[in-house]
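Engineer: One structure, as structure tokens, below. Some questions next.
The values are calculated or read from the model by the stated rules, or taken from the named source; none is laboratory data. Quantities reported herein were computed from a predicted structural model and do not represent experimental measurements. Methodologically, a virtual Cβ is constructed for each residue, glycine included, from the backbone with ideal geometry; neighbour enumeration extends over all protein chains shown. Just so you know, the surface numbers come from the protein's heavy atoms only, side chains and all, with ligands and any DNA or RNA stripped out. Shrake-Rupley method; radii C 1.70, N 1.55, O 1.52, S 1.80 Å.
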Amino acid sequence: MQVSRTQKELSFDDNEAARLLYGDLNRNLLAVEKAAGVTVKARGTTVTISGYDHAVATSAATLSQLYELIVTGYPVYASDVAYALKIIERSPQTSLKEIFLDQVYITARHRVVSPKSINQKLYIDAIRNNDIAFGIGPAGTGKTYLAVAMAIAAYSANQVKSIILTRPAVEAGENLGFLPGDLVEKINPYLRPLHDALNDMLGRDRAKDLVEREIIEIAPLAFMRGRTLNNAFVILDEAQNTTPAQMKMFLTRLGFSSKAVITGDVTQIDLPHDRGSGLIHAAKILKKVKGISFSHFTDVDVVRHPLVQQIIRAYEQSEKAPRRKDKGDGRSAAK
């Protein structure tokens, strides 16, 4: 089938909004050109897009909706352009306003935390509407970051009295024994990503203050045993590395007026091969329980460096390929 080329012209009424849409040195328009494979020329408040039919239509729809977002006061960043293009590419009828204007939290650096894909929007809604929400998918899809933002927003709105962030420390056996310090110091590196998310949203000083006042608790999963967590927003990160028994223990800690979010990537399981993943087990046996939601992400939802999406896709394709024997040492080739 022959694909035809076309050209489309867009005109904007607001000079300042158009300038913000273009970005510094037309950075946003260049991002559209690179991502969509089109040519974009701007003259004053008029933009001309040239290229293949579908790419031009997608680019025009994206720029038009981003312009409307800017008019409402939403700060569009260069990264937002790429996210918006992916959304419109996959679902042309989607309203970017419904996704990007769903403000979850404003960070200490005044950056708006909001969903950047359809699945992220569904995830946010699922957390709001369910007491237990699972977020399952590859690295870089915003599962943990959005959950932390939702937790801070809930605390700021006096919906909960504390935030508890936890992770399993799967190497808590002999490997940690060689590290200096007490148990907390040894386990702290595994909790570093949670600290990073808090510092990014709250600022280092406020995050430290809330941790010292025990309003925010960051602890390994083993520390949850025997507790009842009331009036709390609880996040279990890296849940693919829990055993079924650990997952059951965690889920049954939930007390009154509390909410739990469980995140994980089932392609990154570090447990011994003879131990099943609690995340996979829970997804099988709890999927029909009312009040529990499961949100699934793919490489399309990656919101890190653009290369991360390609890396994830390459690994997925490699893992689907048939195994072969390595002629050098007889072991299976690395997947």
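Engineer: For region 244-264, check the following and say yes or no: at least one residue is open to solvent by 60 Å² or more (accessible area, probe 1.4 Å) and in contact with a Pro (Cβ under 8 Å, 6 or more places away or on another chain).
Structural biologist: Kept after step one, since they are open to solvent by 60 Å² or more (accessible area, probe 1.4 Å), are these residues of region 244-264: 245, 248, 252, 256-257.
Right, trim to in contact with a Pro (Cβ under 8 Å, 6 or more places away or on another chain) and you get none.
For region 244-264, residues open to solvent by 60 Å² or more (accessible area, probe 1.4 Å) and in contact with a Pro (Cβ under 8 Å, 6 or more places away or on another chain): absent.
Engineer: A follow-up question, please. Could you grab me the full set of residues in region 124-145 that are among the aromatic types (F, W, Y) and within 22 Å of P75 (Cβ to Cβ)?
Structural biologist: Filtering region 124-145 for residues among the aromatic types (F, W, Y) gives 134, 145.
The one that is among the aromatic types (F, W, Y) and within 22 Å of P75 (Cβ to Cβ): Y145.
Engineer: Right, next: Restricting to region 150-168, and then to whatever is without any contact (Cβ under 8 Å) to a residue 60 or more places away in the chain and either part of a helix (DSSP H, G or I) or of a type in the set (V, I, T) (or both), can you tell me which residue is farthest from T298 (Cα to Cα)?
Structural biologist: Per the criteria, the residue is S156.
Engineer: Out of region 216-235, which residues are part of a loop (DSSP other than H, G, I, E, B) and under 16 Å from M150 (Cβ atoms)?
Structural biologist: Just the residues of region 216-235 that are part of a loop (DSSP other than H, G, I, E, B), to begin with: 225-228, 230-231.
Across region 216-235, the qualifying residue is only N231.
Engineer: Consider L271 carefully, then state whether it is closer than 13 Å to F134 by Cα, more than 22 Å from the chain's Cα centre (by Cα) and surrounded by fewer than 20 Cβ atoms within 10 Å (Cβ to Cβ).
Structural biologist: On the way: closer than 13 Å to F134 by Cα: no; more than 22 Å from the chain's Cα centre (by Cα): yes; surrounded by fewer than 20 Cβ atoms within 10 Å (Cβ to Cβ): yes.
The answer is no for L271.
Engineer: Could you look through region 214-227, keep only residues that are over 22 Å from the mean Cα position of the chain (by Cα) and at pLDDT below 95, and pick out the one that is nearest to A133 (Cα to Cα)?
Structural biologist: Step one: of region 214-227, the residues over 22 Å from the mean Cα position of the chain (by Cα) are 214-215, 222-227.
Those still in the list that are at pLDDT below 95 too: 214, 222-227.
Numbers: E214: 24, A222: 21, F223: 21, M224: 18, R225: 20, G226: 22, R227: 20 Å.
Step by step, filter region 214-227, then rank; the result is M224.
Engineer: Right, here's the next one. Spot the failing condition for F294; the list is (1) under 15 Å from A133 (Cα atoms); (2) part of a loop (DSSP other than H, G, I, E, B), and only one is missed.
Structural biologist: So F294 meets the others, but not (2).
Engineer: Please indicate, with yes or no, whether at least one residue in region 292-304 is touching an Asp or Glu at 6+ places or on another chain (Cβ under 9 Å), more than 21 Å from S117 (Cα to Cα) and at pLDDT 95 or above.
Structural biologist: Looking for residues that are touching an Asp or Glu at 6+ places or on another chain (Cβ under 9 Å), more than 21 Å from S117 (Cα to Cα) and at pLDDT 95 or above, one finds at least one in region 292-304, hence yes.
Engineer: I would also like to ask the following. Considering region 23-43 alone, what residues qualify as being crowded, with 20+ Cβ neighbours inside 10 Å, in contact with a strand residue (DSSP E or B) (Cβ under 8 Å, 6 or more places away or on another chain) and in a helix (DSSP H, G or I)?
Structural biologist: Across region 23-43, the qualifying residues are L29, V32, A36.
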